[in-house]
Amino acid sequence: MQLAAAGAVVSALDRDGKRLDRLRQNCARMGMAVEVVTADALTWRPDQTFEAILLDAPCSATGTIRRHPEIPHLRRPGDIADCAAMQDRLLDAADAMLAPGGTLIYAVCSLQDEEGFGRVAAACARLGLQRLPLTAEDVPWLPEAITPLGDLRTHPGMWADRGGMDGFFAARLVKAVTAT
């Protein structure tokens, strides 16, 4: 909704119809036009590629333990590896939907390196994506969240005077333009 509010033409894709119903209701309430597609991102393809994609990937949600202390008790030993495998498949699908020169934002609410830095490094090696580092100017309200590689990584110790924040990871990637 923030992208739509900023004037972007937005297509929202999710396989969860209930989640998309809530999105439709919120968009109607706010008077925002968003194309809503109920489909599996692993198999759905648009009529034409996108200039930008925000992939908010399913993850272990370890970054939300501050608000959801039950999470460590719900996780099983193989969950991180399972999430990483799904994230790789979703990154591959997003790359297939991204136009040459397009921007992909990869985001997870996880503190696990395997779901953040590891997934981005693997995607860059496998798909030829390139990091476009974020800078302090991109997030002036939280410049300390920018990593040396230019990714965004928050943790519960940040903004302690405001009650803390969730752990979050995001990276900005660009698809190479191929010569014809």
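The values are calculated or read from the model by the stated rules, or taken from the named source; none is laboratory data. Model, not experiment: these values are computed from the prediction. Here Cβ is always computed from backbone atoms with ideal geometry, including for glycine, and neighbour counts include all displayed protein chains. What goes into the accessible areas is simple: the full protein's heavy atoms, side chains included, and nothing from ligands, DNA or RNA. Shrake-Rupley method; radii C 1.70, N 1.55, O 1.52, S 1.80 Å.
Select from the range 148-157 the residues that are within 17 Å of residue 62 (Cα to Cα) and out of contact with any Asp or Glu (no Cβ under 9 Å at 6 or more places or on another chain) and write down the one among them that is modelled with the highest pLDDT. Working first, answer last.
Keep residues of the range 148-157 that are within 17 Å of residue 62 (Cα to Cα), which gives 152-157.
Okay, now just the ones that are also out of contact with any Asp or Glu (no Cβ under 9 Å at 6 or more places or on another chain), so 153, 157.
Details: 153: 97, 157: 91.
So the residue we want is 153.
Which one of 24, 76, 66 is over 16 Å from the mean Cα position of the chain (by Cα) and under 23 Å from residue 152 (Cβ atoms)? Show your work before the answer.
Numbers: 24 fails: under 23 Å from residue 152 (Cβ atoms); 76 fails: under 23 Å from residue 152 (Cβ atoms).
Being over 16 Å from the mean Cα position of the chain (by Cα) and under 23 Å from residue 152 (Cβ atoms) holds for just one of 24, 76, 66, which is 66.
For residues in the range 47-70 being among the acidic types (Asp, Glu) and assigned to a loop (DSSP other than H, G, I, E, B), which is nearest to residue 8 (Cα to Cα)?
Taking the range 47-70 and keeping what is among the acidic types (Asp, Glu), we get 47, 51, 56, 70.
Add one more test, that the residue is assigned to a loop (DSSP other than H, G, I, E, B), and what stays is 47, 70.
Values: 47: 18, 70: 37 Å.
By that ranking, first place goes to 47.
Taking the condition farther than 17 Å from residue 105 by Cα, open to solvent by 30 Å² or more (accessible area, probe 1.4 Å), of a type outside the set (S, T, N, Q) and under 15 Å from the mean Cα position of the chain (by Cα), does residue 161 pass?
On the way: farther than 17 Å from residue 105 by Cα: yes; open to solvent by 30 Å² or more (accessible area, probe 1.4 Å): yes; of a type outside the set (S, T, N, Q): yes; under 15 Å from the mean Cα position of the chain (by Cα): no.
No, not satisfied.
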Looking only at the range 19-46, which residues are under 25 Å from residue 91 (Cβ atoms), open to solvent by 80 Å² or more (accessible area, probe 1.4 Å) and assigned to a helix (DSSP H, G or I)? 19
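Of 145, 171, 160, which residue is under 23 Å from residue 98 (Cβ atoms) and either at pLDDT 95 or above or of a type in the set (A, V, I, L, M, F, W, C) (or both)? Working first, answer last.
Working: 145 fails: under 23 Å from residue 98 (Cβ atoms); 160 fails: under 23 Å from residue 98 (Cβ atoms).
Being under 23 Å from residue 98 (Cβ atoms) and either at pLDDT 95 or above or of a type in the set (A, V, I, L, M, F, W, C) (or both) holds for just one of 145, 171, 160, which is 171.
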